[in-house]
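To start, the structure under review is shown below, and the notes come after it.
The values are calculated or read from the model by the stated rules, or taken from the named source; none is laboratory data. Keep in mind it's a predicted model, so treat the numbers as computed, not measured. Reconstructed Cβ throughout: ideal geometry from the backbone, glycine too, with neighbour counts over all protein chains shown.
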Amino acid sequence: MLISEVPAFREYWYPIGYSGDIADEPTPFKIFGEEYVAWRGGSGAVHAARDECPHRHARLSQGWLADGCLTCPYHGWKFGEDGHCVEIPAADPELPIPPRAHVDKILAAERYGLVWVCVGMPRAGIPDLVEADDPGYTLIHEMMDVWTASAPRIVDNALDVSHVAWVHRNSVGSSANPRLEAGPVERDGQTFRFSVTLISQVNEQQKRNTGITADTTRRTTHAELVQPLVFRGRMVYEENGLEHVLYKTCTPIDDEHTLFCQFIARNDDPPPEKWDSITAVDRQVQAEDRALLENVNPNFPVEISTELHTKADRMTLEYRRILAELAAEAPGVAPDSAWAKPFRRDPVRDAPVPSGATSDGDA
Ligand code: FES
Ligand SMILES: [Fe+2]
């Protein structure tokens, strides 16, 4: 299953950049393989629309903002915040502006310091992330990068707890302690939760970040699939009660590229001078995941028998069931047999692409 085969994915909100990225000029971004433009109107609100002028199809992102309006670079038509054209410079001002002269807007809004869009009719709101809204926690933006990996593969990895001891053996994982203590998977509609405890390695930087002095510690993650492409993981360090809550969102740029965004909430009120060090550890962990996931087939299985599953895989098995339900809503999802064979990246075809979204990387 590829993202483009399942229209249900289009009915959720996804971040396309930081609020500060959408400022003084129209900004292009790509989602679901389609080109859009985001801009900030005269009221200060963010807007987004197809990156194409209704007049002669120029790219609106090559234009500019004037008098609070999105201005097309070709013939200077101006579009107001509701998307309708308010001025055609070459036309007789006495004549009415044709009602069809409007840009093709999509939903856009801001929350948690991010600009979110929804290209379809949303079946859910921008996710409510409890700690991110709680003044008792500190919200820190850690990363927003384009990965050459499919969005479901990245979320699947976040829900996959038995990889930590191996993929992260050089950072927070402990390959000497691969066993997990995991509770039941509690399904609720198309979301689920579970808790898992593992032994985590604590390197010198993590000792400074967490206040933990031992070389290993017991860490419990209360994890939740919030939406099909949004993960929340409240990591609690048993030794001192520190909570490090991870939020991961995956914006599908296309079937094989994802704008991966991660931000955290901490309950220890870390001073700003410590944020870089906290972020550095999470960036290393994500770089370890990324190196692996960029070499995994972007197709995602929707048939349970395609892969092998063990008891330790029951969280990611539940994720497969949920995505299979979304896929079942659509006709035309190719059977796993159409693609489930050894996958190798083509170094030419899959050369790194420049960011298709608004951010060029770091928070
Ligand atoms: S193409 Fe945009 S104003 Fe003509
Ligand atoms: Fe990981």
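In the condition set (1) loosely packed, with under 12 Cβ neighbours inside 10 Å; (2) near ligand 1 (Cβ under 9 Å from one of its atoms), residue 88 is compliant with all but (1). So is residue 158 surrounded by 21 or more Cβ atoms within 10 Å (Cβ to Cβ), in a helix (DSSP H, G or I), more than 16 Å from ligand 1 (Cβ to nearest atom) and over 21 Å from the mean Cα position of the chain (by Cα) or not? So residue 158 does not fit the description; no.
At least 3 residues being modelled with pLDDT of 95 or more and hydroxyl-bearing (Ser, Thr, Tyr) is the threshold, and among the strands (runs of 3 or more DSSP E) wholly inside region 207-258 those reaching it are 243-254.
Residues considered: 49, 8, 23, 38. Of these, the only one that is in a loop (DSSP other than H, G, I, E, B) and of a type in the set (A, V, I, L, M, F, W, C) is 23. Filtered by the rule that a residue be hydrophobic (A, V, I, L, M, F, W, C), within 10 Å of ligand 2 (Cβ to nearest atom) and under 21 Å from residue 203 (Cβ atoms), region 151-169 gives 161, 164, 166, 167. If the condition is being of a type in the set (A, V, I, L, M) and either over 19 Å from residue 242 (Cβ atoms) or not assigned by TED's automatic domain parsing to the domain that holds residue 274 (or both), then region 180-225 contributes 180, 182, 185, 225.
Going through (1) touching a residue at least 40 places away in the same chain (Cβ under 8 Å); (2) farther than 18 Å from residue 44 by Cβ one by one, residue 93 falls short only on (1). Is it true that some residue in region 169-189 is more than 16 Å from ligand 1 (Cβ to nearest atom), under 22 Å from residue 251 (Cα atoms) and within 24 Å of the chain's Cα centre (by Cα)? Yes.
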